[in-house]
Every structure is written in structure tokens, then in C-alpha cells.
1. Hey, could you grab the Kirkwood Rh for region 63-135? Inverse mean 1/r over distinct alpha carbon pairs, Å, one decimal.
2. Among Val136, Val20, which comes first, then next, by fewest other beta-carbon atoms within 10 Å?
3. Quick one: order Thr76, Thr67 by neighbouring beta-carbon count within 10 Å, fewest to most.
4. If you take the charge dipole of region 44-157 about its Cα centre, with +1 on Lys and Arg Cβ and -1 on Asp and Glu Cβ, which of Met51, Cys64, His96 is farthest toward its positive end?
5. Can you tell which of Val138, Thr110, Phe77 lies farthest toward the positive end of the dipole of region 72-157, using +1 and -1 charges on the Cβ of basic and acidic side chains (Lys, Arg; Asp, Glu)?
6. Hey, got the dipole for the chain? About the Cα centre, +1 on K and R Cβ, -1 on D and E Cβ, debye to the nearest 20?
7. Would you please put 97-104, 21-28 in order of how densely packed they are, using the mean number of other Cβ atoms within 10 angstrom per residue and starting with the highest?
8. Suppose R0 equals 25 Å; then what is the FRET efficiency for Tyr41 and Leu99 from their Cβ-Cβ distance, rounded to the nearest 0.05?
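Taken together, the values in this text are just the output of simple stated rules run on the coordinates, not laboratory data. Treat the numbers as computed from the prediction; the structure is a model and nothing was measured. Here Cβ is always computed from backbone atoms with ideal geometry, including for glycine, and neighbour counts include all displayed protein chains.
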Amino acid sequence: MNETLMNSSLFLADSVLPHVNASLNALATLVLIAGYVLIRYRMETAHKVAMLSCFVISIIFLGCYLTYHYGYGHTTFDRQAYPVAAICYYILLATHIPLAITVPVLAIITIYYGFRDNREKHKKMARWTFPIWLYVSVTGVLVYFMIYWWFPPAIEI
């Protein structure tokens, strides 16, 4: 844990960053879905704005996520208090993490083809990128709810 960061005003005893990260993930989910709907209605300019906005939201998320984990490390799921939920949590995490690693690369390639107006390659990449990106955004929010709301660490009395 970085002591300088821990003592700064950005890092309070209970960091706000996990909540910000979940909010950014939820926002990315909504914007992704909006972008999908917009292209289905052939609203190309609005689709571009939505998808580029989603990419920017995801970059901000990544910055906040890395900042949090650099300052705090990682949050562990309370396996002892919630053994059955822990199985679900770790299965979810086992799919979320590897797919999350692929999203930036897939998104950049898909955006690149869109900017180059290579519609065929853009559509081909988007057919992979969209569901993976959506899954990662949704499961990111689920991971947050599991750790901070549904199955919080047991408080010792």
C-alpha cells in the first residue's frame, strides 16, 4: 500500500473509488446499449458519439481502477461468511478478468476500422467487441454489488 496516496485527500479511510468505478461501469453499459440501438436505427453520427463516449468512460474507469488498486491493493471476498456466494463470485471473476483484458484491444481495433470507414471490418470486429465489452461492464457492476452490498465482509464484534 502506498503511504503517500493513503494519506492524501483522494484516499479516505473508506475510498469512494470502488463506487465511482461501479458507476462508470454502469454508465458504460447504458452507453454501449444506446450505441447498439442507435446503429440499429441507422443513426450513424449518434452511434459514433455514443461509442466514443463509452470508450472515454472506459478509459476514465481504467484510470480510477488502477489508482484504487495501486493505493489499496485488492478487495477480497469473504469466503468464510458466504461460502456458496464465493463460488459464484470467483466463477464470475474468472470470466470477467480475462475478458476485461481483451476489451481495450478489441475496442481500439473496432474504433480504428470505424474511423477508416472500413465498414465490413468494423462490423466484423463489433460483433465480437460489443458482447464482450457489454459482459465485462455488466459483470464489473455485479462484482461491485457482491463485494460491497450483497455480501459485505462480516463485522467482528
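1. Result for region 63-135 stands at 14.6 Å.
2. Working: Val136 23, Val20 16.
With the fewest neighbours first, Val136, Val20 line up as Val20, Val136.
3. Working: Thr76 9, Thr67 17.
Going from sparsest to densest Cβ surroundings: Thr76, Thr67.
4. In region 44-157, that residue is Met51.
5. Result: Thr110, furthest along the dipole toward the positive end.
6. Working: 10 positive and 7 negative charges, 202 e Å.
For the chain, the charge dipole is close to 960 debye.
7. Order by mean packing, descending: 21-28, 97-104.
8. 0.35
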